[in-house]
Amino acid sequence: MKTLDRHIGASFLRSFLLILIILVALFSLLELISQLDDVGKGNFRVDDVIFFIALTLPRRMLELMPISTLLGSVVALGILADHGELLAMQAGGVSVRRICWSVFATGTILILLTGLLAEIVVPPLDQLARRKRALAISGTGFTLTKQGFWARRNDTYIHVGKTHSGGVATDLDIFETDEKGRLTVYTHAREANIQNDNQWVLREITRKTFNEQGITTSRLPSLTLDSFLSSAQVEVLEIPADSLSASDLHRYADALRESGQNADRYALALWRKLGVPLTTGAMVLLSLPFVFGSSRRISAGKRIMVGSFVGIIFYFGDQVIVHLGLLLSLSPMITAMAPVILISGIALWRLRRVV
C-alpha cells in the first residue's frame, strides 16, 4: 500500500507543481504589465519592477494554491483513470475510499506549505516589496511601518497611524523642531480628511507647545496641513492588511478595538489568512468526485475544463462574499469561512455518492 500511496502522491504533486508554475508565470506576466504603467513615476524603474515581481512571487503562489491544488488533483487522478491505473487498483482490492485517503494525505503537505507561506514567507517579502516600490515612486523622506508611515517636511516629522479608503487618515502625530533639533510643538489629531488640493484637514486636535516657560496645551476642532500628500500618494504608501502576518493582524485588530475604531477590515484579513490552508484542503476533497464515478465517460480534458470553471466560480464568489460582508458589516469569521464551509459541504456530499 505504501508503494501505491507514493505513486498517487507523486502524480498529484507533479501535476500540482506544473499547474502552479504555469499559473504563477501567467499572473506574474499580468502583474509585470500592470507595474510597467508606473515606470517613470519618481525613481521607479524597470529593475524596480523586476525586483517587485520577484519578491511578490510567494504571494501569488499563496493566492493560487487552492485552485492549483484542485486542478493538480483532477489532472493527476484523471491521467491515472485514463491509463486504467485506478481501475487496476480497484480490481486489486484497493477501495475508492483508500485511494481518496492517499490523495488527501498528500494534500496535507500542501496544507502545511500554504500555512507556512501565509504566516512566515509571504508577509516579510510582500512588505519589503511594497516598501521598495512606494519609496521609489514617492521619493525619499518616507519610512513605512506596519501601521502607517513617517514623513519629513523640513524640520517637521509626521507619523500617520493608518490610512483608509475615501481619503481618510487616523491617529496622526506631528513633531515640529527648531534649527537645533529641539521639539517645539507636538500635535496629535484623531483623524484627517485628505482634500483634492493635497490639503489635510485635521480634526479633534491636541496641541502642545514647548518653550522656556513650560508646556502649553490647547485643543482645536480643526487644523489644515497644507500641501502634504494626495490620496493617490497615500494609497501607494499604504501596506494592505493582507500583507501582514496573522499575529500582526491579531494585535492590530485588538489595538483598533481598544481605541474604539472599526477593526473589521483587519479581522477579515486575519480570518481569510487562517482560511487559506483550510480552503486548500477543501479543494482536495472537491477534486475527488470529478474522477471517481465518471472515469469512463469524461476525459481528462473535460475534467480540467470543469475544474477550471469551478475554480473561477470559487474565486469570484469569494470576492463577492468578502465585499458583501464588509458592506453589510457581517461577522468577519463568517464572511471568511463561508466559502470554505460551502466547498467542504459540497465536496463531502458528492464524495458520499461515489465512495
note = Once both label points are put 7 Å beyond Cα along the C-beta direction, the residue 305-residue 153 separation in nm becomes 6.0
note = Expected unfolding gain across residue 95-residue 258 under the 0.36 nm per residue rule, minus the alpha-carbon gap, is 53.2 nm
task = Using the Karplus curve 6.51 cos²θ - 1.76 cosθ + 1.60 with θ = phi - 60°, work out ³J(HN,Hα) for each residue of the stretch 31-46 in order, rounded to whole Hz, and write x for Gly and Pro.
result = 5, 4, 4, 5, 6, 5, 5, 8, 4, x, 7, x, 10, 7, 10, 4
Proportion of all alpha-carbon pairs of the stretch 43-144 beyond 25 Å (%) = 46
task = Starting from the stretch 1-49, pick out the chymotrypsin sites (Phe, Trp or Tyr not before Pro) whose DSSP state is loop and whose Cβ has at most 11 other Cβ atoms within 10 Å.
result = none
inquiry  = Largest first and in whole Å, what are the equivalent-ellipsoid semi-axes of the stretch 147-237 based on the Cα gyration tensor, each being the root of 5 times an eigenvalue?
reply    = 24, 14, 10
request  = Please express the Cα-Cα pair-distance distribution P(r) of the chain as a list of whole percents, one per 20 Å bin, running from 0 to the bin with the greatest distance.
outcome  = 25, 46, 22, 7, 1
task = Anything over 25 Å Cα to Cα? Flag those among 41/132; 180/208; 41/273; 132/180, in the order listed.
result = 41/273; 132/180
ask   = Averaged over all directions, how much area does the convex hull of the C-alpha atoms of the stretch 205-277 cover when projected, in nm²?
value = 7.9
remark   = Kirkwood Rh over alpha-carbon pairs of the stretch 207-355 plugged into Stokes-Einstein at 25 °C, 0.890 mPa s gives a D in µm²/s of 125
task = Set the Förster radius R0 to 30 Å, insert the Cβ-Cβ distance between residue 132 and residue 26 as r into 1/(1 + (r/R0)^6), and round the FRET efficiency to 0.05.
result = 0.80
message = So, R0 is 35 Å and r is the distance between the beta-carbons of residue 353 and residue 121; what FRET efficiency does that work out to, to 0.05?
response = 0.35
message = If I build a Gaussian network model for the chain, linking alpha-carbon pairs within less than 10 angstrom, which residue out of 254, 318, 37 has the largest mean-square fluctuation?
response = 37
ask   = Roughly how tilted is helix 264-287, in degrees to the nearest 10 and between 0 and 90, from the longest Cα axis of the chain?
value = 10
message = List the residues, sorted by chain then number, that are 5 or more residues from residue 161 or on another chain and whose placed amide H is less than 5 Å from its amide H.
response = 170, 172, 173
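Each value in this text was obtained by applying a stated rule to the coordinates, not by laboratory testing. Owing to the predicted nature of the structure, the values given are computational and were not obtained by experimental measurement. Methodologically, a virtual Cβ is constructed for each residue, glycine included, from the backbone with ideal geometry; neighbour enumeration extends over all protein chains shown.
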